[in-house]
Amino acid sequence: MGLPFDVLTDTDTAHTGFFQRPDYNPSATPVPVADPRLQTGPNLGFFSVPPFGRGGNLARNRFYGPGINNWDVVLQKSTQISERMSVEFRTELYNVFNRQQFNQPGNFISDPGTFGQSTGEVRRPDETSVARQIQFGLRFKF
């Protein structure tokens, strides 16, 4: 389970000047989605714009985005050559199982093309891809 997110509508039905939460009806009929592989959030068919004069019945942070399943592994072997010299071999594996890490899904019901779909992936802090990365290192200590 990932981080919570709000579902919003850009229609200000409660006259507050801010985005509103929609009405939520879990027994409604789901609508077909453009790309089911990217559907990580709720279906658009469960939401509707509330009538003017009140806010929606959907609670805050009701849904959770996709979780993160990332395994990083370091394997290291140190070998003593003599009393003052040693060699260290190191292997670093990032995202060992090569799992896709999706961003939060679209949360505006006024955008049916991306609502509930994660169209991007989480990036590393150095802006590299989260695809599997392997690097080796060899250090000679004397």
| task | Would you check if there is a residue in region 124-137 being modelled with pLDDT of 90 or more and under 26 Å from T16 (Cβ atoms)? | result | no
| task | Select, from N70, N61, the only residue that is on the phi > 0 side of the Ramachandran plot, out of contact with any Phe, Trp or Tyr (no Cβ under 6 Å at 6 or more places or on another chain) and in contact (Cβ under 8 Å) with a residue 40 or more places away in the chain. | result | N61
| remark: Filtering region 1-31 down to residues that are of a type in the set (S, T, N, Q), without any contact (Cβ under 8 Å) to a residue 40 or more places away in the chain and surrounded by fewer than 16 Cβ atoms within 10 Å (Cβ to Cβ) yields T16, N25, S27, T29
| Only one residue in P105, P51, P66, P42 is in contact with a helix residue (DSSP H, G or I) (Cβ under 9 Å, 6 or more places away or on another chain) and either more than 24 Å from M1 (Cβ to Cβ) or modelled with pLDDT of 90 or more (or both), so which one is that? | P105
| field | Per-region count, region 114-142, residues closer than 13 Å to P42 by Cα and in contact (Cβ under 8 Å) with a residue 40 or more places away in the chain | value | 4
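The values are calculated or read from the model by the stated rules, or taken from the named source; none is laboratory data. It should be emphasised that the depicted structure is a prediction, and the values quoted were computed from it without experimental measurement. Methodologically, a virtual Cβ is constructed for each residue, glycine included, from the backbone with ideal geometry; neighbour enumeration extends over all protein chains shown.
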